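One structure is given here, and the rest of the page talks about it.
Readers should treat all values here as calculations from the given coordinates under stated rules, not as data from a laboratory. Here the structure is a predicted model, which is why all the values come from computation and not from measurement. Heads up, the Cβs are rebuilt from the backbone with ideal geometry, glycines too, and the neighbour counts pull from every protein chain shown.
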Amino acid sequence: MSEKVIELVIKRQADQNSEPFEEKFKIPYRTNMNVISALMEIRRNPVNANGETTTAVAWDASCLEEVCGACSMIINGKPRQSCTALIDQLEQPIKLEPMNTFPVLRDLTIDRSRMFDSLKRVKAWVPIDGTYDLGPGPRMPEAKRQWAYELSKCMTCGVCLEACPNVNSKSEFIGPAALSQVRLFNAHPTGGMHKAERLETLMDGEGGLSNCGNSQNCVQACPKGIPLTTSIAALNRETSLQSFKNFFGTDHTA
Amino acid sequence: MSTNREFFYRKLHSLLGVIPVGAFLIVHLTVNYFAVRGPEAYNQASHFMENLPFRYFLEITLIFLPLIFHAVYGLYIAFQAKHNTSTYSYFRNWMFRLQRITGVIVLIFVAWHVWETRIAAALGAEVNFDMMAEIVSNPFALILYIIGITATTFHFANGLWSFAITWGITVSPRSQQIATYATMAIFVALTFVGIRSILAFVG
């Protein structure tokens, strides 16, 4: 057995209302470990660096291939997915913290409900349900499909919201992820039939599109390289035009 | 029609910063530059501005009301942000932070500047070369003026950059990059104009 150990410092808290505290762990090194397998090792043997038995660290994970977004946490100061955070590439001690822009449920587990609520707010889907078969929709040009595919890589991981200085307890800002989804679904030939409706959800109420302060951290932080700031600027143009249309224009907004 | 006007207020805030407040800033800095040509030229230029027809109407609609809205709503925006430049030390994140810091500096500077000049004028003081020369004869006041002018030109130039995004003019990353260069050139040029003018009142 190897003598090498991995040192971890984990910011923990028992539940949503309790104070966070740090706990250190030393776990045996194995080759090709990632942060998830290190956390699994702690769960297998929940003993901290002082040799005291403690509770197992809680975290969230699902796909383990960076497409579900569930295992996002702050690793050595930067938000990212723990499944693709390889131990060999991280400076030790490895510092793990929950993304506290979101409510922390326990240890590294956060509640991303606000992101899913945002997707509902902007109708981030193509509405086709009805009482009869609507038949095939219009086709999408291949070049556009390839471009849209990049936007569709969003996994609602929350990293862009964590990086955004305007997403915090003092602001209602919806955040970059859901905004970019509006551009994606408005670009879809069938989804675009509800274009004005989606734009208006961004113009109505608090925390819409205009709360963006253009710090552009989101586009730098996005693990999927989604052009979030281009989406935001494109939506700024569309909502500007939509607002002119609503005020000066006709009696229909579609 | 929504009862919440946030979208409208944000867009208005962005627009007013450029038109008329930004446009007024350029006029103001240009008139100040007459100081470089000496006291007489400066007095003539400021006298011309003072005697514009509809002066009070122009001042209220083109300067005071838009400026007050921009300042009050801007403070609300500035204090909504939770700065994180230590974790994300990207250029644009720093500009985001500086925009908010300079906004607050400009508000304090303009309040002081209006008190010393426009309100003093309303109370009977005469606005001329000597008035400014007297103010900046105090080295402390001169330093505050230089800081205030630089903060103002930065806030305006960088504000132009985000204006272009807010209104959907620059959408592509390339156009936003070029807008960064253009607005920073505007910052340097206006700062030169402002500081050269204020130094003309010294000695």
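What the table below lists for this structure:
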quantity: Lone unmet requirement of (1) within 24 Å of B:ARG196 (Cβ to Cβ); (2) within 13 Å of the chain's Cα centre (by Cα) for B:ILE19; calculated: (1)
quantity: Within region A:139-190, tally of residues that are in a helix (DSSP H, G or I) and in contact with a strand residue (DSSP E or B) (Cβ under 7 Å, 6 or more places away or on another chain); calculated: 3
quantity: Search result, residues across region A:214-230 that are farther than 18 Å from A:PRO165 by Cβ and facing chain B (nearest Cβ under 9 Å); calculated: A:PRO227, A:THR230
quantity: Any hit, region B:84-103, residues being surrounded by fewer than 18 Cβ atoms within 10 Å (Cβ to Cβ) and more than 14 Å from chain A (Cβ to nearest Cβ); calculated: no
quantity: Residue pairs meeting the criteria (Cβ under 7 Å; at least 6 apart or on separate chains; first without any contact (Cβ under 8 Å) to a residue 12 or more places away in the chain, in region B:137-164; second buried (at least 18 other Cβ atoms within 10 Å of the Cβ) and not polar (S, T, N, Q)); calculated: B:ALA141/B:ILE135
quantity: Any chance B:ARG10 is out of contact with any Lys or Arg (no Cβ under 7 Å at 6 or more places or on another chain), basic (Lys, Arg) and within 21 Å of B:GLY194 (Cβ to Cβ); calculated: no
quantity: Odd one out for B:VAL72, checked against (1) within 9 Å of another protein chain (Cβ to nearest Cβ); (2) more than 14 Å from the chain's Cα centre (by Cα); calculated: (1)
quantity: Selection within region A:189-199 - surrounded by fewer than 19 Cβ atoms within 10 Å (Cβ to Cβ), touching a helix residue (DSSP H, G or I) at 6+ places or on another chain (Cβ under 9 Å) and of a type in the set (D, E, K, R); calculated: A:LYS195
quantity: Region B:80-113, residues that are in a loop (DSSP other than H, G, I, E, B) and among the polar types (S, T, N, Q); calculated: B:GLN80, B:ASN84, B:THR85, B:SER86, B:THR87, B:SER89
quantity: Pairs with Cβ under 8 Å, 6+ apart, first in region A:171-190 and within 13 Å of another protein chain (Cβ to nearest Cβ), second basic (Lys, Arg); calculated: A:ILE174/A:ARG121
quantity: Criterion: assigned to a loop (DSSP other than H, G, I, E, B), within 14 Å of chain B (Cβ to nearest Cβ) and either touching a Phe, Trp or Tyr at 6+ places or on another chain (Cβ under 6 Å) or surrounded by fewer than 20 Cβ atoms within 10 Å (Cβ to Cβ) (or both) - qualifying residue of A:ASN32, A:ASN50, A:ASN17, A:ASN100; calculated: A:ASN100
quantity: Test: A:ALA233 is crowded, with 21+ Cβ neighbours inside 10 Å and either facing another protein chain (nearest Cβ under 7 Å) or farther than 21 Å from A:ARG121 by Cβ (or both); calculated: yes
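Listed here are the residues, each with its yes/no results for (1) more than 10 Å from chain A (Cβ to nearest Cβ); (2) in contact with a strand residue (DSSP E or B) (Cβ under 7 Å, 6 or more places away or on another chain); (3) in a loop (DSSP other than H, G, I, E, B).
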| site | (1), (2), (3) |
| --- | --- |
| B:ALA151 | yes, no, no |
| B:HIS155 | yes, no, no |
| B:ILE165 | no, no, no |
| B:GLY168 | no, no, yes |
| B:GLN177 | yes, no, no |
| B:PHE187 | yes, no, no |
| B:LEU190 | yes, no, no |
| B:ARG196 | yes, no, no |
